[in-house]
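Participant: Following this message is one structure expressed as structure tokens.
Just so it is clear, none of the values below were taken in a lab; they were calculated from the coordinates. Here the structure is a predicted model, which means the values were calculated and not measured. With ideal geometry, Cβ positions are generated from the backbone for all residues, glycine too; neighbour counts draw on all protein chains shown.
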Amino acid sequence: MRDDLRLEGVGRRYGLHGPWVLRGIDLTLAPGTLTRVEGANGTGKSTLLRLLAGIDAPTEGRITGRPRTAYVPERFPAALPFTATGYLTHLGAVHGLSRTAAARAADAWLERLGAAAYARTPMAELSKGSSQKVAVAQALLADPDLLVLDEAWTGLDTAARAELERAVAERTAAGAAVVFVDHDPRRLAGVPDATYAVTGGSLNHRTEQVTSVATGPHVVVEAEGSPDAEPPAQAAGLSTSVERTAPGTTRFTVPESHSDVLLRSLLGERPPWHVVSVHRPLPKDSSESSESSESFDSAESSDNAVRSLESESRR
């Protein structure tokens, strides 16, 4: 995504004389940003997301700078005359991928979301949760520049919800804009660059500050570069806190959902950064011995994650 997506004086109503669902909406989405939209049921959140996704056209006002867009709707039409792979391959081709590339991306996303076993299953026979995984996969397989998620986590199992959070981090790190609605206030808590509330047909920017470390699980990554190396821009952008602890050594505090992406960015630097440790932050009143125990408990899983990412970076 190279340019901002802008909504200027946008309004939407259904029918020539129907009531206005939204009116006077001004909104700018910049590349690489994550935006949360909140509001009570029936306030127009889904209408706003459909306008952003290009599914609906504004009744008044204008939308400019539209990038390549993908959308996960609140209700996904599961009873389609395709298998899961067939549907995703078809959608990938619609997004401009070759059939081979689309099929490869379909298999990769079904694997990531834990639905590979249902790749050849007709869509009409999928459970609600499996259908939702296909809905998420179709939005991600062509690397969209704008990703619009309307309650996309609903119906997913725990592992798939975490994978979608990682995918959101990957898209914003790659310069895409992501907009989402979710009923769980803890979803990506502390991570969004902006939060808006839809009330009375208007869009209001929430300006109160949120302490991100306190509102969601975070991970602390200690990494070393060359003595004069500045923290990589992408890694810093993913982090809620960046602290130089010694020449060439930096401590990144990052939302847990973004930790894999941050590790990839560090290992992808030339020359690559060395990951010293990965652990959870501790409460301020925790003792030093507790910190050692916390780091030790997480060391094995952290080492496994780093080794896996190092292996990927060499391929």
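Participant: Provide the gained length on full extension for the span THR195 to THR158, in nm with one decimal, where the gain is 0.36 nm per separating residue minus the Cα-Cα distance.
Facilitator: Values: separation 37, 0.36 × 37 = 13.32 nm, distance 2.42 nm.
Between THR195 and THR158, full extension yields 10.9 nm more.
Participant: Also: Residue by residue through the range 218-223, which ³J(HN,Hα) values in whole Hz follow from phi under the Karplus form 6.51 cos²θ - 1.76 cosθ + 1.60 (θ = phi - 60°), with glycine and proline marked x?
Facilitator: Values, residue by residue: 10, 10, 9, 10, 9, 9 Hz.
Participant: Grab the Cα-Cα distance for ASN41 and GLU269, subtract it from 0.36 nm times how many residues apart they are, and report the gain in nm with one decimal. Spell out each step's value before the answer.
Facilitator: Numbers: separation 228, 0.36 × 228 = 82.08 nm, distance 4.45 nm.
The ASN41-GLU269 span can extend by a further 77.6 nm.
Participant: Shape verdict for the range 133-195, please, from the Cα gyration tensor: rounded (a/c under 1.5), prolate (a/b greater than b/c) or oblate.
Facilitator: oblate
Participant: Kindly provide the helix-only [θ] at 222 nm of the chain, computed as the sum of -39,500 (n - 2.57) over DSSP H runs of four or more divided by all residues, to the nearest 500 deg cm²/dmol?
Facilitator: Details: 9 runs with 109 residues, N = 315.
After summing the helix terms and dividing by the residues of the chain, the value is -11000 deg cm²/dmol.
Participant: Sticking with the crude label model, points 7 Å out along Cα→Cβ, report the distance from HIS205 to ALA229 in nm, one decimal please.
Facilitator: Simple spin-label model gives 3.6 nm for this pair.
Participant: May I ask you to order 157-167, 238-248 by the average number of other C-beta atoms within 10 Å around their residues, highest value first?
Facilitator: 157-167, 238-248
Participant: Run through the DSSP bridge list for the chain and note the antiparallel percent, rounded to the nearest 5. Walk me through the numbers before you get to the answer.
Facilitator: On the way: 32 of 48 bridges.
Of those bridges, close to 65 percent are antiparallel.
Participant: According to the square roots a ≥ b ≥ c of the eigenvalues of the Cα gyration tensor, what is the shape class of the range 91-242, taking rounded for a/c under 1.5, prolate for a/b larger than b/c otherwise, and oblate for the remainder? Could the numbers behind the result be given before it?
Facilitator: On the way: a/c = 1.90, a/b = 1.34, b/c = 1.42.
Since a/c reaches 1.5 but b/c is at least a/b, the shape of the range 91-242 is classed as oblate.
Participant: Can you work out ³J(HN,Hα) from phi for every residue in the range 36-50, in order, using Karplus 6.51 cos²θ - 1.76 cosθ + 1.60 and θ = phi - 60°, giving whole Hz and x for Gly and Pro?
Facilitator: 9, 10, 10, x, 5, 4, x, 8, x, 4, 5, 4, 4, 5, 5
Participant: Still on this structure, please answer the following. With the chain treated as a Gaussian network of Cα nodes joined by springs under 10 Å, which of HIS205, HIS17, HIS95 yields the largest mean-square fluctuation?
Facilitator: Greatest mean-square fluctuation among the candidates belongs to HIS17.
Participant: Scan the range 14-117 for trypsin sites (Lys or Arg not before Pro) in coil per DSSP, keeping those whose Cβ has at most 14 other Cβ atoms within 10 Å, and list them by number. Write down the numbers at each step before the final one.
Facilitator: On the way: sites: ARG23, ARG36, LYS45, ARG50, ARG62, ARG68, ARG75, ARG99, ARG104, ARG112; in loops: ARG68, ARG75.
In loop regions of the range 14-117 (DSSP not H, G, I, E or B), the sparsely surrounded trypsin sites (Lys or Arg not before Pro) are ARG68, ARG75.
Participant: So, one more: Counting only C-alpha contacts under 8 Å and six or more residues apart, can you give the relative contact order of the chain as a whole percent? Please report the intermediate quantities before stating the final value.
Facilitator: Details: 584 pairs, mean separation 54.0, N = 315.
Relative contact order for the chain comes out at 17 percent.
Participant: Taking H as built 1.01 Å from N, whose amide H comes closer than 5 Å to the amide H of SER277, not counting residues under 5 places away?
Facilitator: GLU222
Participant: Springs between alpha-carbon atoms under 10 Å, Gaussian network over the chain: tell me which of SER127, SER265, SER202 tops the mean-square fluctuations.
Facilitator: SER127
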